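Following: one structure in structure tokens, then a few remarks.
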Amino acid sequence: MLNVGIVGGTGYTGIELMRLLSMHHEARIVAITSRAEEGVSVADIFPSLRGHVDLVFEKPTLSALTGCDVVFFATPHGVAMEQAEELVARGVRVIDLAADFRLKDLSQWKKWYGPQHTAQPLLEEAVYGLPELNREKIKAARVVGNPGCYATAIELGFAPLLASGLIDPTSLIADAKSGASGAGRKKELSSLYSEVGDNFKAYGLGGHRHHPEIVEVLNELSGGRVKLKFTPHLLPINRGILATLYANLTKCDLSMVRESFENFYKDEPFVDFLPIGQFPDTRSVRGSNFCKIGLQVSDDQSSVIVISVLDNLVKGASGQAIQNMNIMFGLDEKMGLNSLGLVP
Ligand SMILES: NC(=O)c1ccc[n+]([C@@H]2O[C@H](COP(=O)([O-])OP(=O)(O)OC[C@H]3O[C@@H](n4cnc5c(N)ncnc54)[C@H](OP(=O)(O)O)[C@@H]3O)[C@@H](O)[C@H]2O)c1
């Protein structure tokens, strides 16, 4: 039985980690932190977890976390890198849901996240936690940088096409939409119900933090030639990402495009490539760890349109983090992740 710690237990991804780990047979949560709710019982704030998580929020101290086999950081960027080195030195494995261990290029880290990365040696050995691309490396990783939610949807949608050389890597467009939980549970004017509800808008047009992450990962599949235009949007729903992806085809052959996805994902437990002519919607993955993908070749055969959907809190965050934990500890990769999409 794995002893699990969660730093940041009152945020949306922390709550989702607790929900999913409650259904896991080989892991138990032994430490859960919140500075604001220190001393308060988890069940008092989240009745959905009553009877399943019998813990009290505590401060994120080293002593609270060192008895764990693995610690999830469900915190803003900059938190995990402050504690990860000491935890790893004590034999604790770390999965960060923020961006501290995602980007290998430090100049990009500084540009998008801050002046200094304080755990550079760990960053060098950290593994980007996208199982569909990095499963073997994740097995041995002491530190995993769990991918961003938009990044997961977009990378899984483009990966087979880039790996098979069927698209021009300089022609990528990602028009992506996220539910409001993607912004977290912190109090912000832009997250108010009357700001998000009955509304739809683009944001981050000057640049989004997931852009360098996506380019870094896709460059590895295409020899460093990726050029990507990426615009995120905010949807008036709680959960879900839908990414509409466009690229110019180098070979105008629908059957080759279809086969590239079928082959790439044939053994993947959490990527579902739909039959040609079918397209996934957000509710088909809500609450589940699936990324569902459908595609269409344009009328003039010059380009491909891929629809990639996932739940930002599950495959886009906490579910993928648990998938990574399962791989790191040699467990069944699907353990605790058997929920299907909630329809309606
Ligand atoms: N929401 C999503 O869909 C999503 C998807 C993929 C990745 N992510 C990433 O996952 C991380 C967590 O996201 P979230 O949406 O769950 O955030 P959130 O709802 O804002 O929650 C943040 C949590 O971190 C704790 N925290 C904040 N500052 C801290 C600090 N300095 N030290 C220790 N704990 C701290 C907070 O509790 P206290 O302040 O009480 O300690 C809270 O429990 C973020 O990096 C986010 O970018 C989010």
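Structure summary
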| read-out | value |
| --- | --- |
| Lone qualifier among 140, 163, 174, 159 - being more than 20 Å from the chain's Cα centre (by Cα) and either crowded, with 23+ Cβ neighbours inside 10 Å or more than 13 Å from the ligand (Cβ to nearest atom) (or both) | 163 |
| Any hit, the range 181-204, residues being within 13 Å of the ligand (Cβ to nearest atom), touching a His at 6+ places or on another chain (Cβ under 8 Å) and small (Gly, Ala, Ser) | no |
| Top-ranked residue in the range 1-34 [being assigned to a strand (DSSP E or B) and within 16 Å of the ligand (Cβ to nearest atom); ranked as surrounded by the most Cβ atoms within 10 Å (Cβ to Cβ)] | 6 |
| The range 96-124 residues that are over 23 Å from residue 316 (Cα atoms), paired with ones that are modelled with pLDDT under 95 and crowded, with 20+ Cβ neighbours inside 10 Å (beta carbon under 7 Å, 6 or more apart) | 117/109 |
| Every residue from the range 301-318 that is surrounded by fewer than 24 Cβ atoms within 10 Å (Cβ to Cβ) and more than 15 Å from residue 177 (Cα to Cα) | 301, 302, 303, 304, 305 |
| Any hit, the range 212-219, residues being over 25 Å from residue 303 (Cβ atoms), in contact (Cβ under 8 Å) with a residue 40 or more places away in the chain and not acidic (Asp, Glu) | no |
| Tally, over the range 311-344, of residues that are of a type in the set (A, V, I, L, M, F, W, C), farther than 15 Å from residue 22 by Cα and either free of Cβ contacts under 8 Å to residues at least 40 places away in the same chain or not in a loop (DSSP other than H, G, I, E, B) (or both) | 3 |
| Cβ-Cβ under 7 Å pairs, at least 6 apart or on other chains, the range 265-284 side without any contact (Cβ under 8 Å) to a residue 60 or more places away in the chain, far side surrounded by fewer than 16 Cβ atoms within 10 Å (Cβ to Cβ) and not aliphatic (A, V, I, L, M) | 273/262 |
| Residues (within 24 Å of residue 180 (Cα to Cα), surrounded by 21 or more Cβ atoms within 10 Å (Cβ to Cβ) and outside the structural domain of residue 8 (by TED's automatic domain parsing)) located in the range 319-340 | 337 |
| Single condition residue 37 does not satisfy, out of (1) assigned to a helix (DSSP H, G or I); (2) within 11 Å of the ligand (Cβ to nearest atom) | (1) |
| Pairs with Cβ under 8 Å, 6+ apart, first in the range 25-45 and in the same structural domain as residue 8 (by TED's automatic domain parsing) and closer than 18 Å to residue 185 by Cα, second more than 16 Å from the ligand (Cβ to nearest atom) and among the basic types (Lys, Arg) | 43/50 |
| Hey, residue 178 outside the structural domain of residue 109 (by TED's automatic domain parsing) and under 20 Å from residue 130 (Cβ atoms) or not | yes |
| Complete set of residues in the range 197-220 that are modelled with pLDDT of 95 or more and outside any loop (DSSP other than H, G, I, E, B) | 201, 202, 211, 212, 213, 214, 215, 216, 217, 218, 219, 220 |
| Condition met for residue 181 (part of a helix (DSSP H, G or I) and surrounded by fewer than 17 Cβ atoms within 10 Å (Cβ to Cβ)) | no |
| Helices (runs of 4 or more DSSP H) within the range 43-157 that include 1 or more residues within 18 Å of residue 17 (Cβ to Cβ) | 62-65, 80-89, 131-140 |
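Here is a yes/no grid of residues against (1) within 16 Å of residue 342 (Cβ to Cβ); (2) within 25 Å of the chain's Cα centre (by Cα):
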site: 254; (1), (2): no, no
site: 267; (1), (2): no, yes
site: 278; (1), (2): no, yes
site: 288; (1), (2): yes, yes
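The values are calculated or read from the model by the stated rules, or taken from the named source; none is laboratory data. Values in this document were obtained by computation on a predicted structure and should not be read as measured data. With ideal geometry, Cβ positions are generated from the backbone for all residues, glycine too; neighbour counts draw on all protein chains shown.
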